[in-house]
Structures are given as C-alpha cells and as structure tokens.
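First the structure, in the form of structure tokens, and then the observations on it.
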Amino acid sequence: MKSVSMSRIPRNEMIKVLTNIPFFKVLRQANRNEFNSVIEMGRLSLANPGEVVCRKGDFDSIMYFLLKGELRVFISDDLVNAKPLSRLFPGEIFGTLAFLNDSPRHATLQADPQGDGVLVMGIDFSPFGELTDFSEVGPEAKKLFYLAISKELERYLNHYALSFPHDPRTATLQSLQTPSLSTEDELELIYNRCCEFADLLCNWNVEASVRLKHLKPLERPNQGDIVKDIESFLFGQLA
C-alpha cells in the first residue's frame, strides 16, 4: 500500500473527512486537543483493487478506519476460492480484535478486486498504554475510543445472533450490553465490555466461517464513501 502521514494533508480537509466518523466527531466536540493528538498518530493508506490491507497472523497495534471503497474479510488463507466471511464499508473500524487481545490478526482483509481501490486511515494506538495511564492520551479520548469499539463489535455480534438465534452465544450476548457514559467507573466498564465482546466474536467467527450459507447479509451502514475523490484528496501526496 502507498501511504502518507496525515500531517501532510491540510488540517481543514482532514477535519472535514474525519468528522464524518462518529468517534472523531464526538471526540472533537468533547476535547479538541485530544482530537488533534489522536489524529497525529495516523497515516492514510491507499490499496489497489485486490491488494491485501492486513493479513491474518500479522502482529501490530494499528487499527483502521475505512474511508472509501469496500474490503472483503477472510478467515481462510485462500483469497481466490474461499467465500468472504463479510464485507466492510466506509465508516467501519477494523483491527479491533487484535488490538484488544494483543494478538496476531484474526483475518485477512482484501480490497474488493472489482472495486476502485480503498483508502484507509491507520492509527497506532500503542500510545494509549495502560487503561489508567493518561500521560499521552487523556481519559475522555479513551472512553470515547473504547465506546466506539464496543458499539462496532456489538453490531457484528447482533448480526450473528440474528443469523443463529438458537446458538448459546446468542443468550450470552443478550446478557451483555454496551455501558453508558454515566457511571464513576465508566472507562473500566466500557473496556471490560469491549474485551467480553471481542472474546465472544473471536469464538463465533470461527463457526460462522464454516456456516456461511446460514449467515444473513450484514446490514450495510448508511454512510457512503467518506472521501469521494481520492485523487483530489491525496494528489501529489503519496510517496
């Protein structure tokens, strides 16, 4: 993939793009300094049709936000004959399971071979450090970050629950819910719920990959391409 530091994109253009993503929109409203700190950790990357964005088994601390195009998600190493487990669309977050579990990537993500390529924003979240370490990232950003992850994981789990209503994991999911931002221990509660969702999703992904014919189509987010024209956005920037 070709990539470029977000610091090379005009700030007004970057803000216009990122505020289309709920996490960044809410973070900027809550604390502009933390918003600026987080986006300075990022890089934009452009992948050609059919190119792999991240590969199963790789290990890093980068999470991604899809800005344009579609990604195919594979649990199998066979990207030619295997059917994708799911697809990702603009506005969605990926890389959360590896980040939360501090583990290698659980799936391979490939730019749709029939598309026009994808644009993603990757952020190295290792500076987030320990949950109660606010030396580099403050509590407000951490709360909103983990809440965004929790909601994203819950959306995928609800999709599985709808597809497999009699699976015991559906009952487990129903006993969990995303915490609100209204308790004293809200950060710890949100983080713990993220980890519970991540463990449940990892377990369910394996079975879902062999029961694809029973898997209902995942509802596509209403968000369209966040970046409409990659060339005009990144013209002259890619290195």
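Check 187, 201 and return the single one that is at pLDDT 90 or above and in a helix (DSSP H, G or I).
Matching residue, one of 187, 201: 201.
Please enumerate the residues belonging to the stretch 15-40 that are crowded, with 20+ Cβ neighbours inside 10 Å and within 12 Å of residue 227 (Cα to Cα).
Selection gives 17, 18, 21.
Out of the residues in the stretch 131-148 meeting the condition of being under 14 Å from residue 36 (Cβ atoms) and within 20 Å of the chain's Cα centre (by Cα), tell me which one is modelled with the highest pLDDT. So that I can check it myself, show each step before the final result.
Applying the first criterion (under 14 Å from residue 36 (Cβ atoms)) to the stretch 131-148 yields 136-138, 140-141.
Of the ones still in play, those that are also within 20 Å of the chain's Cα centre (by Cα) are 137, 140-141.
Details: 137: 84, 140: 84, 141: 87.
Selected residue: 141.
Please report, ordered by residue number, the strands (runs of 3 or more DSSP E) entirely within the stretch 53-110 with at least 1 residues that are at pLDDT below 90, polar (S, T, N, Q) and crowded, with 17+ Cβ neighbours inside 10 Å.
Values: elements: 62-68, 71-74, 86-88.
Fully inside the stretch 53-110 and qualifying: 86-88.
Checking residue 113 against (1) modelled with pLDDT under 90; (2) over 19 Å from the mean Cα position of the chain (by Cα); (3) surrounded by fewer than 16 Cβ atoms within 10 Å (Cβ to Cβ), which single condition isn't satisfied?
Going through the list (1) modelled with pLDDT under 90; (2) over 19 Å from the mean Cα position of the chain (by Cα); (3) surrounded by fewer than 16 Cβ atoms within 10 Å (Cβ to Cβ), residue 113 breaks only (1).
Between residues in the stretch 135-154 that are within 18 Å of residue 185 (Cβ to Cβ) and residues that are among the charged types (D, E, K, R), which pairs lie under 7 Å by C-beta distance while being six or more apart or on different chains?
138/34; 140/34; 141/34; 143/186; 150/193
Looking at (1) buried (at least 20 other Cβ atoms within 10 Å of the Cβ); (2) modelled with pLDDT of 90 or more; (3) not hydrophobic (A, V, I, L, M, F, W, C), which is the one condition that is false for residue 170?
Among (1) buried (at least 20 other Cβ atoms within 10 Å of the Cβ); (2) modelled with pLDDT of 90 or more; (3) not hydrophobic (A, V, I, L, M, F, W, C), the lone unmet condition for residue 170 is (1).
With under 15 Å from the mean Cα position of the chain (by Cα) and over 25 Å from residue 154 (Cβ atoms) as the only criterion, which of 32, 55, 11, 72 stands out?
Unique residue meeting the criteria: 55.
Residues of the stretch 103-134 being among the acidic types (Asp, Glu) and touching a residue at least 40 places away in the same chain (Cβ under 8 Å), which ones?
112, 116, 124
The values are calculated or read from the model by the stated rules, or taken from the named source; none is laboratory data. If you're wondering where the values come from, they're calculated on a predicted model, not measured in any experiment. For neighbour counting, all protein chains shown are included, and Cβ atoms are generated from backbone atoms with ideal geometry for every residue, glycine included.
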